[in-house]
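Here the structure comes first, spelled out in structure tokens, and everything after it is commentary.
The values are calculated or read from the model by the stated rules, or taken from the named source; none is laboratory data. Owing to the predicted nature of the structure, the values given are computational and were not obtained by experimental measurement. Cβ: placed from backbone, ideal geometry, glycine included. Neighbour counts: every protein chain shown.
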Amino acid sequence: MRILVVEDEPRLATSLKQGLQEAHYAVDLALTGDDGLLWASMHTYDAIILDVLLPDRDGISICRALRAARNTAPILLLTALGEVDDKVRGLDAGADDYLTKPFAFKELLARLRALLRRETIGNSAYKSPILQVADLTLDTTTHEVQRSGRHISLTSKEYALLEYLMRNAGQVLSRSMIAEHVWDYEAEHMSNIVDVYIRYLRRKLDEGFEPRLLHTVRGWGYQLKEG
């Protein structure tokens, strides 16, 4: 899943990005409110983590602007302000949850997971934490991957790539679509990164198994499907 983080404090911003990537999220980072609003208007995110106290445009006004533009991504506000009235202002502006600084990163992850579950509860592809294509299963709760009952060990990026492919099973996904959802936008400038990771996955998922699941659609991209 793809997350936008809008945070002006460089150390915290870098820490959040690294922690979220280690938790298998693709992350874009904006260090100003204006940049955050621009990124959110240009791209689709599964959730937005938004600092309230930004130097140029505050998070409350960004939240209002996003909701006015019909952006429905769940928004988690971060702020040093702990007063009840401040929390009410944020929620009334359209935020879905509110976390006061300083916070434990584990709590942020738990709140983010709750927002994502709430957002996707009506989507049949997300009702079960288990994704399955043929005899390949991926547990989005434990991050365990198996094929024919055999455990498959994946790196963080391999897991994120496989989850994206499985959530879009049967669809042909272009390299740019995969780079956009699995990596941050710097990955678009890294030649063959998608092809390299597809090869990694193919070795682990298809070699020694039948039928082959990961297919190359020449001139278009890649597709995960049975047969």
Only one of Trp220, Trp183 is more than 25 Å from Ala73 (Cβ to Cβ), of a type in the set (A, V, I, L, M, F, W, C) and at pLDDT below 90. Can you tell me which? Trp220
Which numbered condition trips up Glu7, out of (1) at pLDDT 90 or above; (2) surrounded by fewer than 21 Cβ atoms within 10 Å (Cβ to Cβ)? (2)
Those residues of segment 42-69 which are hydroxyl-bearing (Ser, Thr, Tyr) and closer than 20 Å to Ala179 by Cβ, in sequence order: Thr44, Tyr45
Yes or no: Thr100 in contact with a Lys or Arg (Cβ under 9 Å, 6 or more places away or on another chain), modelled with pLDDT under 90, surrounded by 16 or more Cβ atoms within 10 Å (Cβ to Cβ) and not assigned by TED's automatic domain parsing to the domain that holds Asp139? no
Flagged pairs (Cβ under 8 angstrom, 6 or more apart or on separate chains; first in segment 8-31, assigned by TED's automatic domain parsing to the domain that holds Leu161 and within 21 Å of Leu53 (Cβ to Cβ); second aromatic (Phe, Trp, Tyr) and assigned to a helix (DSSP H, G or I)) are none
Here are some residues: Leu154, Leu162. Which one is part of a loop (DSSP other than H, G, I, E, B), crowded, with 17+ Cβ neighbours inside 10 Å and at pLDDT 90 or above? Leu154
Regarding segment 31-51, can at least one residue be identified that is touching a strand residue (DSSP E or B) at 6+ places or on another chain (Cβ under 6 Å), aliphatic (A, V, I, L, M), under 18 Å from Leu108 (Cα atoms) and surrounded by fewer than 22 Cβ atoms within 10 Å (Cβ to Cβ)? no
Can you tell me which residue within segment 81-100, out of those that are touching a strand residue (DSSP E or B) at 6+ places or on another chain (Cβ under 6 Å) and not in a helix (DSSP H, G or I), is nearest to Gln18 (Cα to Cα)? Leu99
For segment 2-36, give me each residue that is of a type in the set (S, T, N, Q) and not in a helix (DSSP H, G or I). Thr32
Tell me which of these Ala69 doesn't satisfy, since it passes every other one: (1) modelled with pLDDT of 85 or more; (2) within 20 Å of Ala114 (Cβ to Cβ). (2)
